[in-house]
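The values are calculated or read from the model by the stated rules, or taken from the named source; none is laboratory data. Remember, it's a predicted structure, so these values are computed and weren't measured experimentally. Please note: Cβ atoms are built from the backbone with ideal geometry, for glycine as well, and neighbour counts cover all protein chains shown. Accessible surface is based on the protein model in full, side chains and every heavy atom, while ligands, DNA and RNA are left aside. Shrake-Rupley method; radii C 1.70, N 1.55, O 1.52, S 1.80 Å.
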Amino acid sequence: LTDSEQREFDYPPVLSLDTRALCFNITADLEKRINRLRTNTNKVGFLLQYGYFKACKRFFVINRFRQEDIEYTAKVLGISLGNIDFSQYKKKIPADHKIAILKLLEYRPFEGDTLQWIGREIIRRVECFTDPRTVFLEVLDLLHRQHIEIPSYYQLSELITQHYLNYEEKLLKIIDKNISLEDVAQHIGLSSNYLSKYFKKV
């Protein structure tokens with residue numbers, strides 16, 4: 001993706017009033033889960049992560065939560081903004097909330113068997129010489145249709161890049177094994193003796 005697209009991907013979406021109301025709507029199951037949380041900060045943090053995940057099937061870094069969404073969720077929960085301190089929303093708490101949200105929304109995490117499966121899908125596309133951007137977009141669609149958490153841009157792009165590099169290395173080994181110096185010399189119009197002397201120097 002372009003730099004601006006990468007930034008947009010890794011930040012929570014800007015929600016319209018209608019979309020915000022839909023994503024942060026509190027169902028009976030969600031209300032039970034939130035009521036079990038101990039602090040006001042945890043309750044707002046949970047609802048924010050839940051709403052953002054409903055909107056785009058991704059989780060976000062806490063310091064990227066949008067202020068307008070913080071204010072909205074606090075109002076929905078009847079919590080004063082003065083009683084929210086996101087410096088306390090850290091360590092295991094957000095991770096535990098992610099697990100609970102995935103379960104509530106019947107999604108699978110991007111790890112383990114899921115990671116291996118998407119790796120095979122990427123390899124299949126790389127071996128068909130699909131361009132990286134298309135691979136990225138097709139993988140997003142696959143994850144969405146299979147109800148799997150969408151990871152950060154960095155995680156996904158690094159995974160795709162690594163498979164391209166692995167395949168390139170595989171092809172180079174095949175070429176190195178099957179193409180002789182005489183073949184290369186014939187292709188570029190030089191003598192094999194000249195090339196042999198050159199490679200010895202290198």
* To do: Only residues that are surrounded by 14 or more Cβ atoms within 10 Å (Cβ to Cβ) and basic (Lys, Arg): list them for segment 114-128, please.
  => 125
* Matching residues, segment 29-72, being more than 23 Å from the chain's Cα centre (by Cα) and over 23 Å from residue 18 (Cβ atoms) -> 32, 33, 35, 36, 37, 38, 39, 40, 41, 42, 43
* Members of segment 141-179 found to be of a type in the set (Ser, Thr, Tyr) and either touching a strand residue (DSSP E or B) at 6+ places or on another chain (Cβ under 9 Å) or not in a helix (DSSP H, G or I) (or both), listed by number -> 152
* Structure fact -> The correct count of residues that are in a loop (DSSP other than H, G, I, E, B) and either under 18 Å from residue 57 (Cα atoms) or among the hydrophobic types (A, V, I, L, M, F, W, C) (or both) in segment 113-140 is 2
* To do: Would you point out which residue out of 122, 160, 148 is closer than 30 Å to residue 40 by Cα, in contact (Cβ under 8 Å) with a residue 12 or more places away in the chain and of a type in the set (Val, Ile, Thr)?
  => 148
* To do: Would you check which residues across segment 63-86 are assigned to a loop (DSSP other than H, G, I, E, B), under 29 Å from residue 145 (Cβ atoms) and open to solvent by 30 Å² or more (accessible area, probe 1.4 Å) and list them?
  => 66
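Every residue, every condition in (1) of a type outside the set (S, T, N, Q); (2) surrounded by fewer than 19 Cβ atoms within 10 Å (Cβ to Cβ), yes or no:
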| position | (1), (2) |
| --- | --- |
| 9 | yes, no |
| 27 | no, yes |
| 31 | yes, yes |
| 38 | yes, yes |
| 42 | no, no |
| 46 | yes, no |
| 50 | yes, no |
* For residue 60, indicate whether it is part of a loop (DSSP other than H, G, I, E, B) and open to solvent by less than 50 Å² (accessible area, probe 1.4 Å). => yes
